[in-house]
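Student: Have a look at the structure that comes next, please.
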Amino acid sequence: MDVSLVLFKKNGSQKSFSLPSNITVLGRRGDCDLCIPLGDVSRRHCQLDRNNETLQIRDLGSRNGTFLNGEQVNGETTVKAGDYLQIGPLTFQFQIDGEPQKTTPPQDHLPKAEEKQLAHTAADDDDLLDLDIDEDVNVDLDDSGAFLDDLDLEKL
């Protein structure tokens, strides 16, 4: 099973990240498989578990929650091709074995997730949801195969 997370950037462009292993941890810490260096993202935010037939996601006790298709993830949840993942202010779409062939930003189900996240953040942190992701997102694989993610972020 080939799985990619497609990041939708504010400027309309997209960046695809292939999952490096069967267990992938997303979070703010540098030793996470996909490092997202943002304050709204917990050190170890969520985990993706893939086997030959299914992909599961689970929240790792994050402060602001993990959202799949606008619904907060509680326990292990099965992910399907085309599902949307929201972590902090970032939105990704799952592409599994090349499906969907065309990735598109979500239209109507994310406001619920944003409302729940805002309830967990201070009012003066609301501008974090309007982060502008710079056009150059660099992901390099080191010798161990883990992602070294250098997201260049610029607040509005």
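Student: Please specify each residue of segment 19-36 satisfying the condition of being of a type outside the set (A, V, I, L, M, F, W, C) and either outside any strand (DSSP E or B) or open to solvent by 60 Å² or more (accessible area, probe 1.4 Å) (or both).
Tutor: Those that are of a type outside the set (A, V, I, L, M, F, W, C) and either outside any strand (DSSP E or B) or open to solvent by 60 Å² or more (accessible area, probe 1.4 Å) (or both): PRO20, SER21, ASN22, ARG28, ARG29, GLY30, ASP31, ASP33.
Student: Among LEU90, LEU60, which is among the hydrophobic types (A, V, I, L, M, F, W, C) and more than 12 Å from the chain's Cα centre (by Cα)?
Tutor: Details: LEU90 fails: more than 12 Å from the chain's Cα centre (by Cα).
Checking each option against the conditions leaves just LEU60.
Student: Among the listed residues GLY39, GLY65, GLY12, which satisfies the condition of being small (Gly, Ala, Ser) and open to solvent by less than 10 Å² (accessible area, probe 1.4 Å)?
Tutor: Working: GLY39 fails: open to solvent by less than 10 Å² (accessible area, probe 1.4 Å); GLY12 fails: open to solvent by less than 10 Å² (accessible area, probe 1.4 Å).
The match here is GLY65.
Student: For the structure I just gave you, tell me whether GLY82 is part of a loop (DSSP other than H, G, I, E, B), open to solvent by 30 Å² or more (accessible area, probe 1.4 Å) and on the phi > 0 side of the Ramachandran plot.
Tutor: no
Student: Which residue, of THR104, THR77, is touching a residue at least 12 places away in the same chain (Cβ under 8 Å) and β-branched (Val, Ile, Thr)?
Tutor: THR77
The values are calculated or read from the model by the stated rules, or taken from the named source; none is laboratory data. On a predicted model such as this, the values are computed, not experimentally measured, just so you know. With ideal geometry, Cβ positions are generated from the backbone for all residues, glycine too; neighbour counts draw on all protein chains shown. SASA here: full protein model, heavy atoms, side chains in, ligands and nucleic acids out. Shrake-Rupley method; radii C 1.70, N 1.55, O 1.52, S 1.80 Å.
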